[in-house]
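The values are calculated or read from the model by the stated rules, or taken from the named source; none is laboratory data. Owing to the predicted nature of the structure, the values given are computational and were not obtained by experimental measurement. No Cβ is skipped: glycine too gets one built from the backbone with ideal geometry, and neighbour counts run over all protein chains shown. Accessible surface is based on the protein model in full, side chains and every heavy atom, while ligands, DNA and RNA are left aside. Shrake-Rupley method; radii C 1.70, N 1.55, O 1.52, S 1.80 Å.
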Amino acid sequence: MRFSLAIHGGAGTRPREAMTGEAEAGFRAGLSRALLSGCRVLEKGGPALEAVTQAVIALEDDPHFNAGRGSVYTSSSTHEMDAAVMDGASRKAGAVAGICGPRNPVLAARAVMEKSENVLLIGQGAMAFCRGQGLAFEESAYFDTPERFAALQAELERRRLKREDTRDDAARHGTVGAVACDAAGNLAAATSTGGMTGKLPGRVGDCPVFGAGTWADESCAISATGHGEVFIRYAAAHEIAARMRLGKQSLAKAAEAVVAELGIQGGSGGLVAIDAAGEVALPFNCAGMYRGRIGADGIAWTGIYREPLAARELSAA
Ligand code: ASP
């Protein structure tokens with residue numbers, strides 16, 4: 001049986017100098033748990049859609065990552081989460097934006113896809129729909145972490161002092177996502193995020209915008225992380241699918257070129273991408289991206305920075 005799963009835990013990695021051994025072990029353990037959750041579905045012959053959902057649930061539950069528990073704060077010290085799922089074969093899709101309550105926003109997106117006539121629900125309406133579907137809810141304190149709160153204070157202080165020089169977009173980012181190719185060759189993508197630290201309340205990023213931060217069709221599935229506004233303006237995920245379909249480019253060539261071009265336009269970040277042969281590409285244009293992949297051999301590979309892991313990553317990919 002052949003199958004493949006790739007995940008990311010966001011392009012907003014800690015600077016290498018600030019990464020302790022303990023923290024790195026925590027990030028890698030979280031990534032491995034998510035890979036194994038998704039792999040358990042695929043090795044039983046389960047669908048890619050369920051595999052990406054399970055992988056993202058594991059990442060949302062882990063406060064190391066900016067999605068679900070551990071989401072970043074808006075400029076009003078609240079959480080507003082976005083999530084999306086898409087199934088490649090059926091082109092069914094569901095997403096939520098600006099919610100705080102459902103324990104796993106990816107399940108809210110899945111419910112929109114499977115239990116409503118719609119593709120994207122936002123805010124209070126989305127929450128009422130999720131309650132009606134019986135999804136598990138949490139108080140907003142469940143999503144809080146002192147690290148994310150400190151990051152908000154630093155961002156607000158930076159703005160107050162108008163310190164452009166110290167602006168570090170990567171430090172404000174994070175998102176989680178997964179793409180999978182199941183044993184039947186079907187593809188799916190899921191993405192979930194708290195968005196960007198200090199974002200304006202009401203701001204929606206690329207994650208729930210299909211074709212920008214999340215996409216799946218018959219030829220590829222994409223989940224992105226990075227400066228969402230730029231990913232939306234360049235229709236990043238769909239651009240990769242279009243280059244494959246119309247330009248006959250390989251997944252790796254299309255994904256790497258699009259991520260490099262986004263970087264030139266101020267869109268720091270990266271993405272995970274998979275094609276119908278189970279080939280995976282994990283490009284990013286910033287210092288690092290928490291990421292991982294697993295195939296039918298069941299060996300979970302994880303990476304954080306570009307060096308010195310590039311050689312290992314190439315041989316694994
Ligand atoms: N893309 C997300 C957003 O713009 C944030 C991120 O991935 O870092 O909301």
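Protection proxy ranking, highest mean first, for peptides 187-200, 129-142: 187-200, 129-142, where packing is the per-residue count of other beta-carbon atoms within 10 Å, averaged. The relative contact order of region 1-133 comes to 16 percent, based on Cα pairs under 8 Å that sit 6 or more residues apart.
Note down the net charge around GLY278, summing +1 for each Lys or Arg and -1 for each Asp or Glu among other residues with Cβ under 13 Å from its Cβ. Net of charged neighbours comes to -2.
On region 201-258, 59 percent of the accessible area sits on carbon and sulfur atoms, based on a 1.4 Å probe.
Would you tally the net charge around ALA83, using a Cβ to Cβ cut-off of less than 11 Å, leaving ALA83 out, and scoring K and R as +1, D and E as -1? Charge balance near ALA83 sits at -1.
Loop-located trypsin sites (Lys or Arg not before Pro) across region 39-70 with a Cβ neighbour count of 13 or fewer within 10 Å are LYS44, with loop assigned by DSSP. Normalised per residue, the accessible area of region 133-289 is 39 Å², obtained with a 1.4 Å probe and no contribution from ligands, DNA or RNA. For region 180-230, the equivalent ellipsoid derived from the alpha-carbon gyration tensor has semi-axes of 26, 9, 7 Å in decreasing order. Among the GluC sites (Glu not before Pro) found in region 40-118, those both in a DSSP coil and sparsely packed, with 10 or fewer other Cβ atoms within 10 Å of their Cβ, are GLU117.
A crude spin-label estimate for the pair GLU17 and GLU117, with each label 7 Å from Cα along the Cβ direction, gives 5.8 nm. A 1.4 Å probe run over region 44-110, with the rest of the protein chains in place, finds 26 Å² accessible per residue.
In this entry, region 256-305 is assigned a mean projected area of 3.7 nm², taken as a quarter of its C-alpha convex hull surface. Normalised by residue number, the volume inside the convex hull of the Cα atoms of region 126-215 is 161 Å³ per residue. Counting only residues at least eight positions apart within a chain, or on another chain, the lysines with an alpha carbon under 20 Å from that of LYS115 are LYS92.
For region 1-127, the share of accessible area belonging to carbon and sulfur comes to 50 percent (1.4 Å probe, ligands and nucleic acids excluded). If the Kirkwood radius is taken over C-alpha pairs of the chain, then at 20 °C and 1.002 mPa s the Stokes-Einstein diffusion coefficient equals 115 µm²/s. Dividing the mean sequence gap of close Cα pairs (under 8 Å, 6+ apart) by how many residues the chain holds gives a relative contact order of 25 percent. Length gained on full extension, GLU218 to LYS248: 9.4 nm, using 0.36 nm per residue less the C-alpha separation.
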